[in-house]
Amino acid sequence: MNYSVFSMQVVLELQGPDDSTYQELHKIIRSAPERSNYARMHDFYGRVCSTLRRQSDRFEMGVWDYWDDANRAPKDFQDWVDGLQGKEARSEPAPEDGTPRYLACTLALLLQNGSTSDQRLGSHCDITEAKLWKKDTFNHLLKGPRLLNFLHVKSDVVYLLPGDDPACGLTKSDLSGQNFHYLRQLT
Amino acid sequence: MSSENDQNPFRRKVMTRQPGLIGAQWWNEGLSAMSDPVSRRKALQALAVFGGAVAVGGFALASTSGEDEYLELHDALQMQRERGWNFGATGDSLTFTGQTKVPLKPQELNALATELTPKQDALKPFSQATLFQSVTSSSAGSLALALRPIFTPEMDTAFKQGQALASLFAEQPEAARATAVLVDLPGPEAIAFATALAERFEPVFTFDNWPHPVGVVPAHLTLAAATYYQPTLRELASRRTLPAPPVFVLDRQRLAPYNDQEREFDNRYMARMPSAEQLRKLGIQHVMYVAPGGKGQTQELDDLNEDFVAWRTSGLDVKLVAAKDFQPEPATAAVATGPGMTGSPDGGTPADAGTSAMATASTPSRPSHWYYGGSRMAHDSFWFIYPWGRTHTSTGLVHGLPSSGILSAKNVPQVPPNVSKGYAYEPQRRTTMFSAIPRGATGAFRPFPSGFGKVAMRTSSNSRAILGPAFSSRSSWSRSSSYSSSGG
């Protein structure tokens, strides 16, 4: 079976440790069941994406990809899965210096290549070059998972930085480092 | 599959909760169940797709020996160096076509890598002696014993075609000094063609693999052809005037289709070319790419596309000529000839190709006359069609031909009808398996296809020890193992 991959990572400035977006995303991920069916997975990603879309004007940086190349998709997906190991995450809060802290939310979906879901998502991701790095584009793309029948999703991953400790938000320095070299400023 | 799986096919595979990160990954076991049961072939295919980490790909192998195994991709050449050139297929032998009676002297074999390394320091960085080093490596073992020099009719043809091109450069020594030739033909023919150019051009071999009995790239034939031409190349090297322009020698089989992961060994590799800046430092202004010609054979191979486009963009003039553009004159076409023939074609330019030393590699035969377009008249039109010499200006004013005296503008030659349109070739960027053009927005540069030039090795889940290759039908795994999908 060949695969396609859709992935996105967005960065928002945290509005303090009680940031409602962070709290909501944390709750959605924390409460996700160990076992799930297609409908619940559809709903799960719908909630994640809706939460983010409501805040799309706060998106500061981001990246997204859609590949239907069988040679690339699994590897790309694995690159995102590897993020679960926490290499990019802070293990402890950065010293308080009055500068902003950020959250980064990542999702990636490995799809059955050529399935109807894949075709729908592929069409949805047909973005002109001039709009690749627009907040509105990211908002639009976050509607994509709603188009999917999770029957065609082989694997999926979602994660949020910071994790259980909101004080472990990312700093500007973190985001400009090598771990996040691929991020682009959104306009 | 249990009813739990039927009802809830998504299983959470990973859940991470740290101060700095919370996240999870799920795996759809239902989608896996829709496909065929995981077979050895599927495991290997998945491994190729996943590009090196079967633990990632999720195909665990339950061995009957009681030890769990998984597949891991390793660099194919590195595995050969560690385990022997023919590991996994020691019972298979190499097959040579066109074996000659030319004796293979051990001392010459030992000198192969040294003798075929460019003499000019400026060219050494672009030479790949990997293939030639294979016969002297400590892990080469029986390779040297198995090796036989070969000379085939195709090599004979390629040599004559190379002679014809050499004769053209003999007419235009200044153009020759500013030209890098890339000969991209099947390995043995590439060596034959390049040998014919080797008095004026310095061969730069780019063979970056080792032979293997079940290798998809028949590198042993290239090696065998190299041993055949080694004395000729040695002689021509001593006669070559330095500095000499390069002729890069490429094996067109380097990207051979790799379809059967069970029975084939992936000894493919990519050609590595100099940058435009490096070529300019060598005094190069033109690049002549020699492709076989014929259907689908008049375009650069995929791994060269980005280099060629970059060269063109930087102002280098990249043109193609098909080997098939060089044909025997009809009157002599039926004459059988041997390799390294130094026949004197009607007192014309091929006789002056500077290849008299090539007799060392020849067998007795009668001469034939090979020309661009298959005739002397077409041959003389070459530098008008490829206007790198001093015979043509942008206004179309003809100054003259060295071999024919001054011509008038009325005598401007026409393009022969039986040649390729390589003179009009311009490299164009296209999507290949090596392209780094992103479909999305990351712009991430990923030049190497997953699984390319790799070999799947069975690895112990417990000790991480490599147990053996997965490609051979003789492996114990293929006989006794069963497989299960453990999720990615």
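The values are calculated or read from the model by the stated rules, or taken from the named source; none is laboratory data. From a predicted model like this one, the values you see are computed outputs, not experimental measurements. Cβ: placed from backbone, ideal geometry, glycine included. Neighbour counts: every protein chain shown. Note: areas computed on protein heavy atoms with side chains; ligands, DNA, RNA excluded. Shrake-Rupley method; radii C 1.70, N 1.55, O 1.52, S 1.80 Å.
Below are the figures for this structure:
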{"quantity": "Condition broken by residue B:40, with the remaining ones in (1) open to solvent by less than 30 Å² (accessible area, probe 1.4 Å); (2) at pLDDT 50 or above satisfied", "calculated": "(2)"}
{"quantity": "Residue count for the range A:161-171, restricted to those that are in contact with a Gly (Cβ under 9 Å, 6 or more places away or on another chain) and either more than 7 Å from chain B (Cβ to nearest Cβ) or open to solvent by 10 Å² or more (accessible area, probe 1.4 Å) (or both)", "calculated": "5"}
{"quantity": "When residues of the range B:74-107 are limited to those that are open to solvent by less than 40 Å² (accessible area, probe 1.4 Å) and closer than 30 Å to residue B:199 by Cα, the one modelled with the highest pLDDT", "calculated": "B:96"}
{"quantity": "Residue count for the range A:103-160, restricted to those that are closer than 20 Å to residue A:38 by Cα, facing chain B (nearest Cβ under 8 Å), open to solvent by 10 Å² or more (accessible area, probe 1.4 Å) and outside any strand (DSSP E or B)", "calculated": "2"}
{"quantity": "Residue B:251 being open to solvent by 10 Å² or more (accessible area, probe 1.4 Å), within 23 Å of the chain's Cα centre (by Cα) and within 22 Å of residue B:272 (Cβ to Cβ)", "calculated": "no"}
{"quantity": "Qualifying residue in the range A:38-46 (condition: at pLDDT 90 or above and at the interface with chain B (Cβ under 8 Å from one of its Cβ atoms))", "calculated": "yes"}
{"quantity": "The range B:239-261, residues that are in a loop (DSSP other than H, G, I, E, B) and under 21 Å from residue B:118 (Cα atoms)", "calculated": "B:240, B:241, B:242, B:243, B:244, B:245"}
{"quantity": "Filter result (open to solvent by less than 20 Å² (accessible area, probe 1.4 Å) and more than 7 Å from every other protein chain (Cβ to nearest Cβ)) within the range A:63-86", "calculated": "A:73, A:76, A:77, A:83"}
{"quantity": "One residue from B:261, B:278, B:230, B:285 being surrounded by 20 or more Cβ atoms within 10 Å (Cβ to Cβ), over 17 Å from residue B:193 (Cα atoms) and either over 17 Å from the mean Cα position of the chain (by Cα) or of a type in the set (Asp, Glu) (or both)", "calculated": "B:261"}
{"quantity": "Restricting the range A:172-187 to residues that are within 10 Å of chain B (Cβ to nearest Cβ), surrounded by fewer than 17 Cβ atoms within 10 Å (Cβ to Cβ) and of a type outside the set (Lys, Arg), the residue that is farthest from the chain's Cα centre (by Cα)", "calculated": "A:181"}
{"quantity": "Check on residue A:89, closer than 30 Å to residue B:433 by Cα, assigned to a loop (DSSP other than H, G, I, E, B) and at the interface with chain B (Cβ under 7 Å from one of its Cβ atoms)", "calculated": "no"}
{"quantity": "Conditions (1) more than 8 Å from chain B (Cβ to nearest Cβ); (2) buried (at least 23 other Cβ atoms within 10 Å of the Cβ); number of the one not met by residue A:60", "calculated": "(2)"}
{"quantity": "Unmet criterion (only one of (1) part of a strand (DSSP E or B); (2) modelled with pLDDT under 90) for residue B:327", "calculated": "(2)"}
{"quantity": "Selection from the range A:48-73 of residues that are among the polar types (S, T, N, Q) and part of a helix (DSSP H, G or I)", "calculated": "A:50, A:51, A:56"}
{"quantity": "Cβ pairs under 7 Å, 6+ apart, first in the range B:1-19 and facing chain A (nearest Cβ under 7 Å), second modelled with pLDDT under 85 and open to solvent by less than 70 Å² (accessible area, probe 1.4 Å)", "calculated": "B:9/B:29; B:9/B:30; B:11/B:29; B:11/B:487"}
{"quantity": "Test: residue in the range A:20-27 that is part of a helix (DSSP H, G or I), surrounded by 16 or more Cβ atoms within 10 Å (Cβ to Cβ), in contact with a Lys or Arg (Cβ under 6 Å, 6 or more places away or on another chain) and among the polar types (S, T, N, Q)", "calculated": "no"}
{"quantity": "Set A:90, A:40: member being more than 30 Å from residue B:432 (Cα to Cα) and buried (at least 20 other Cβ atoms within 10 Å of the Cβ)", "calculated": "A:90"}
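For (1) under 22 Å from residue B:254 (Cα atoms); (2) open to solvent by 10 Å² or more (accessible area, probe 1.4 Å); (3) modelled with pLDDT of 90 or more, each residue gets a yes or a no:
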position	(1), (2), (3)
B:115	no, yes, yes
B:126	yes, yes, no
B:132	yes, no, yes
B:151	yes, yes, yes
B:170	no, yes, yes
